[in-house]
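Undergrad: Sharing a structure below in structure tokens format, with a few things to ask.
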Amino acid sequence: MNRTRIVVSSLVVAATIALSGCDSSSGSEPSATATGPVTASAATADDAATAKACADLTKTIKENADKVAEAEKIGPPAGHLAVSAQWSAGSAAVIVGSIGANATVGAAADKVQQEMMRLGEAYLKSATAKPGKQQLEAAIAELTAACSAA
């Protein structure tokens with residue numbers, strides 16, 4: 001059991017490191033005003049960062065759900081480990097995606113992250129585990145509402 005936790009924890013750390021170096025806008029051209037005076041207020045910059053975080057989080061959550069569905073197809077006896085690892089990796093990706101978001105979106109993303117981690121731990125405990133996803137769905141709905149209000 002301890003070995004499994006180390007493996008899953010290692011996967012989470014690896015996913016976090018891998019995702020932290022990703023920048024979806026790396027191919028874009030630099031702005032012509034990048035070296036000019038600052039024309040936008042800090043609030044506008046915060047709004048833009050929150051909007052980007054919301055877009056990233058929505059994409060991350062959908063991609064993770066697809067990957068969890070694939071991992072669930074593996075089935076017992078080892079499939080629960082793949083599902084657990086994917087929930088944990090998704091949890092780490094949510095942390096990375098929430099960077100730069102405002103406090104409300106950040107708090108909602110934290111709830112999603114915690115629920116994903118809870119699901120990962122539940123699958124890790126048992127090959128036959130079928131934990132409910134209602135709390136995760138509620139946390140995602142809260143995140144969606146926070147993003148809509150931002």
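Undergrad: Residue under question is ILE61, and the condition is that it be under 20 Å from THR144 (Cα atoms) and either aromatic (Phe, Trp, Tyr) or assigned to a helix (DSSP H, G or I) (or both); does it hold? Steps first, answer last, please.
TA: Values: under 20 Å from THR144 (Cα atoms): yes; either aromatic (Phe, Trp, Tyr) or assigned to a helix (DSSP H, G or I) (or both): yes.
Yes.
Undergrad: I would also like to ask the following. Give the residue, chosen from LYS133, LYS67, LYS59, that is open to solvent by 80 Å² or more (accessible area, probe 1.4 Å) and more than 30 Å from ALA45 (Cβ to Cβ). Walk me through it before giving the result.
TA: Values: LYS133 fails: open to solvent by 80 Å² or more (accessible area, probe 1.4 Å); LYS59 fails: more than 30 Å from ALA45 (Cβ to Cβ).
Testing whether each residue is open to solvent by 80 Å² or more (accessible area, probe 1.4 Å) and more than 30 Å from ALA45 (Cβ to Cβ) leaves just LYS67.
Undergrad: Quick check, is ALA15 under 15 Å from the mean Cα position of the chain (by Cα) and modelled with pLDDT under 90?
TA: Numbers: under 15 Å from the mean Cα position of the chain (by Cα): yes; modelled with pLDDT under 90: yes.
So ALA15 fits the description; yes.
Undergrad: Restricting attention to segment 72-128, which residues are of a type outside the set (Ser, Thr, Tyr), exposed (fewer than 15 other Cβ atoms within 10 Å of the Cβ) and in a loop (DSSP other than H, G, I, E, B)?
TA: Within segment 72-128, LYS73, ILE74, GLY75, PRO76, PRO77, ALA78, ILE99, ALA127 meet the criteria.
The values are calculated or read from the model by the stated rules, or taken from the named source; none is laboratory data. As the structure is a prediction and not an experimental result, all values here were calculated from the model. When we count neighbours, we look across all protein chains shown, and the Cβ atoms used for this are built from the backbone with ideal geometry, even at glycine. We work out accessible area using only protein heavy atoms, side chains counted, and drop any ligands, DNA or RNA first. Shrake-Rupley method; radii C 1.70, N 1.55, O 1.52, S 1.80 Å.
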